[in-house]
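The values are calculated or read from the model by the stated rules, or taken from the named source; none is laboratory data. Keep in mind that what you see is a predicted model, and the values were worked out from it rather than measured. Neighbour counts are summed over all protein chains in view; Cβ atoms, including those assigned to glycine, are modelled from backbone coordinates with ideal geometry.
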Amino acid sequence: SQQGEEDPQALSIQEGENATMNCSYKTSINNLQWYRQNSGRGLVHLILIRSNEREKHSGRLKVTLDTSKKSSSLLITASRAADTASYFCATDAQYSGGYNKLIFGAGTRLAVHP
Amino acid sequence: DTGVSQNPRHKITKRGQNVTFRCDPISEHNRLYWYRQTLGQGPEFLTYFQNEAQLEKSRLLSDRFSAERPKGSFSTLEIQRTEQGDSAMYLCASSSGQAGSGNTIYFGEGSWLTVV
């Protein structure tokens, strides 16, 4: 089963606006990663935030992590039409097999209109 | 190109046929993962390898599915007696260590399977 849940499922904005996507998860994690996926393509890694970090920046991206609420957010500032894609959060936690693996949510589909 | 490479990119097969997908990870990456993704959903974990050892296999991987990584480099995912429900994109990924250590996992472009 999937660990994370993204909210909203779909987001439609105008170019230049900011886009915020949220992710909630259930178990303790080592880190949380955000990925982007263009339609029909593979996943591109955007940013990794460790469980002891609260905020991380990369270019126009800002990720926050609140382990007490088991939630994370991805903010894309000054969005562009090229940001149109699906965005996934993936949690890395140690599961019953004793090994770590990424578990993905269902994603947020972002549409940025020119 | 030094990224994760997957072949074929697209495969259409008749129900009941066998299909095999190949993944070439990033050179020197000892961890290799297979995921499956259906339309509108996030990727679902199938299995992963450290070097040639298959460390974990999801319950999603029925007896018709088998994955190998014989020399700890490339991997194959075989689906026997395909069913329409197997139609999905199969994603391969690799990393240089355990995800828990903070190593980024890099994904390939995926292999689309359509079972007709």
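If you take the residues in segment A:10-29 that are out of contact with any Lys or Arg (no Cβ under 7 Å at 6 or more places or on another chain) and within 18 Å of residue A:103 (Cβ to Cβ), which one is surrounded by the most Cβ atoms within 10 Å (Cβ to Cβ)?
If we take residues in segment A:10-29 being out of contact with any Lys or Arg (no Cβ under 7 Å at 6 or more places or on another chain) and within 18 Å of residue A:103 (Cβ to Cβ), then A:23 is surrounded by the most Cβ atoms within 10 Å (Cβ to Cβ).
Would a scan of segment B:51-62 turn up a residue that is at pLDDT 90 or above and closer than 30 Å to residue A:108 by Cβ?
No.
So, residue A:86, is that one part of a strand (DSSP E or B), within 13 Å of another protein chain (Cβ to nearest Cβ) and touching a residue at least 24 places away in the same chain (Cβ under 8 Å) or not? Break it down into steps so the answer makes sense when it comes.
On the way: part of a strand (DSSP E or B): yes; within 13 Å of another protein chain (Cβ to nearest Cβ): yes; touching a residue at least 24 places away in the same chain (Cβ under 8 Å): yes.
Yes.
Looking only at segment A:19-33, count every residue that is touching a strand residue (DSSP E or B) at 6+ places or on another chain (Cβ under 8 Å) and part of a loop (DSSP other than H, G, I, E, B) and tell me the total. It would help to see each step written out before you state the result.
Initially, segment A:19-33 is screened for residues touching a strand residue (DSSP E or B) at 6+ places or on another chain (Cβ under 8 Å), giving A:19-25, A:27-33.
Filter once more, so that each one left must be part of a loop (DSSP other than H, G, I, E, B): A:25, A:27-30.
So the count comes out to 5.
Of all residues in segment A:22-69, how many are more than 26 Å from residue B:90 (Cα to Cα), facing chain B (nearest Cβ under 10 Å) and without any contact (Cβ under 8 Å) to a residue 12 or more places away in the chain?
Total meeting the criteria: 0.
Out of all the residues in segment B:10-31, which are surrounded by 14 or more Cβ atoms within 10 Å (Cβ to Cβ), within 14 Å of another protein chain (Cβ to nearest Cβ) and over 15 Å from residue B:73 (Cβ atoms)?
Passing the criteria: only B:21.
Within the set of pairs 6 or more residues apart or between chains, which connect a residue that is without any contact (Cβ under 8 Å) to a residue 40 or more places away in the chain and aromatic (Phe, Trp, Tyr) inside segment B:57-86 to a residue that is assigned to a loop (DSSP other than H, G, I, E, B) and surrounded by 13 or more Cβ atoms within 10 Å (Cβ to Cβ) with Cβ atoms less than 9 Å apart?
B:65/B:80
What is the number of the single condition among (1) farther than 14 Å from residue B:79 by Cβ; (2) crowded, with 22+ Cβ neighbours inside 10 Å that residue B:34 does not meet?
The one condition residue B:34 does not meet is (1).
Does segment B:1-22 hold any residues that are in contact with a Gly (Cβ under 9 Å, 6 or more places away or on another chain) and part of a strand (DSSP E or B), and which are they? Even if it seems obvious, please write down each step before you answer.
Of the residues in segment B:1-22, the ones in contact with a Gly (Cβ under 9 Å, 6 or more places away or on another chain) are B:3-6, B:9.
Those that are in contact with a Gly (Cβ under 9 Å, 6 or more places away or on another chain) and part of a strand (DSSP E or B): B:5, B:6.
Conditions tested, residue by residue: (1) within 14 Å of the chain's Cα centre (by Cα); (2) surrounded by 16 or more Cβ atoms within 10 Å (Cβ to Cβ).
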{"position": "A:37", "(1), (2)": "yes, yes"}
{"position": "A:63", "(1), (2)": "yes, yes"}
{"position": "A:66", "(1), (2)": "yes, no"}
{"position": "A:74", "(1), (2)": "yes, yes"}
{"position": "A:79", "(1), (2)": "no, yes"}
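Inspect segment A:54-61 for any residue being under 11 Å from the mean Cα position of the chain (by Cα) and surrounded by 12 or more Cβ atoms within 10 Å (Cβ to Cβ) and give the result as yes or no. If you could, list the steps in order and put the result at the bottom.
From segment A:54-61, those under 11 Å from the mean Cα position of the chain (by Cα) are A:61; that's our starting set.
Narrowing further to those that are surrounded by 12 or more Cβ atoms within 10 Å (Cβ to Cβ): A:61.
Within segment A:54-61, one or more residues are under 11 Å from the mean Cα position of the chain (by Cα) and surrounded by 12 or more Cβ atoms within 10 Å (Cβ to Cβ).
Kindly check whether there is at least one residue in segment B:58-81 that is within 11 Å of another protein chain (Cβ to nearest Cβ), of a type outside the set (A, V, I, L, M) and either within 26 Å of residue A:44 (Cβ to Cβ) or touching a Cys at 6+ places or on another chain (Cβ under 6 Å) (or both). Please lay out each step first, then the result.
First, the residues of segment B:58-81 that are within 11 Å of another protein chain (Cβ to nearest Cβ): B:58-60.
With of a type outside the set (A, V, I, L, M) added as a condition, the list becomes B:58-59.
Now narrow it down to the ones that are either within 26 Å of residue A:44 (Cβ to Cβ) or touching a Cys at 6+ places or on another chain (Cβ under 6 Å) (or both): B:58.
There is at least one residue in segment B:58-81 that is within 11 Å of another protein chain (Cβ to nearest Cβ), of a type outside the set (A, V, I, L, M) and either within 26 Å of residue A:44 (Cβ to Cβ) or touching a Cys at 6+ places or on another chain (Cβ under 6 Å) (or both).
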